[in-house]
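Below: one structure, written as structure tokens.
The values are calculated or read from the model by the stated rules, or taken from the named source; none is laboratory data. Only a predicted model underlies this, so the values are computations on that prediction, with no experimental measurement involved. No Cβ is skipped: glycine too gets one built from the backbone with ideal geometry, and neighbour counts run over all protein chains shown.
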Amino acid sequence: MHKIMLTTFITALLSACAVGGKQPLEETGNLISAKAVNKKIAAQGLSRLCPKNECDQLPKLIKGEAPHYPETLSASGGSGRTTIIFTINEQGSTTDLKVKSATGNDISNTALAALRTWKFSPALLQGKPVSVTTQLTFAFDSQE
């Protein structure tokens, strides 16, 4: 059995878990649970995501795919991590994705592919959509 721990830093820690790379604990099908992610985002508060009053309402994940456990790790029973910096733009799409660190290209590619599918209601400032930049750390761990 494999376990994927998605650790999200919206300047602070968020998390959701998955097993088998395809049946995450907080997912329906291969979609990440927006409700679970948004609850964790809300628990962090505005001061974490918008430290300079760049927004007065947090973005909310609407939908998106969960990352899959990379086949190269599955074959070796290994683990790895990647941190991705990205922007949630005014339309709620993830843009400007950049790999900050990774233990392998397959790990970062899996995380990037999942993040590209994520759609948010954007952060707001005085009722108007604004872009915010954040980072996510994906930890892929194999557990027998």
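Only one residue in Gly45, Gly127, Gly64, Gly77 is touching a residue at least 24 places away in the same chain (Cβ under 8 Å) and surrounded by fewer than 17 Cβ atoms within 10 Å (Cβ to Cβ). Which one?
Gly77
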(request) Those residues that are at pLDDT below 85 and of a type in the set (A, V, I, L, M), I need them from segment 66-79; list them, please. (result) Leu73, Ala75
(request) Tell me, yes or no, whether segment 42-65 has at least one residue that is modelled with pLDDT of 85 or more, farther than 20 Å from Gly127 by Cα and in contact with a Pro (Cβ under 6 Å, 6 or more places away or on another chain). (result) no
(request) Considering every residue within segment 99-109, establish whether at least one is of a type in the set (A, V, I, L, M, F, W, C) and assigned to a strand (DSSP E or B). (result) yes
(message) Cβ-Cβ distance below 8 Å, separation of 6 or more or different chains: which pairs start in segment 31-42 with a residue that is under 16 Å from Thr117 (Cα atoms) and end on one that is assigned to a helix (DSSP H, G or I) and not hydroxyl-bearing (Ser, Thr, Tyr)?
(response) Ile32/Ala114
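Just wondering, is there one or more residues in segment 86-96 that are among the polar types (S, T, N, Q), within 29 Å of Asp56 (Cβ to Cβ), in a strand (DSSP E or B) and touching a helix residue (DSSP H, G or I) at 6+ places or on another chain (Cβ under 7 Å)?
To start, the set of residues in segment 86-96 that are among the polar types (S, T, N, Q) comprises 87, 89, 91, 93-95.
Within this subset, residues satisfying the condition of being within 29 Å of Asp56 (Cβ to Cβ) are 87, 89, 91, 93-95.
Narrowing the set further to residues that are in a strand (DSSP E or B) leaves 87, 93-95.
Next cut, touching a helix residue (DSSP H, G or I) at 6+ places or on another chain (Cβ under 7 Å) only: 94.
Among the residues of segment 86-96, at least one is among the polar types (S, T, N, Q), within 29 Å of Asp56 (Cβ to Cβ), in a strand (DSSP E or B) and touching a helix residue (DSSP H, G or I) at 6+ places or on another chain (Cβ under 7 Å), which makes the answer yes.
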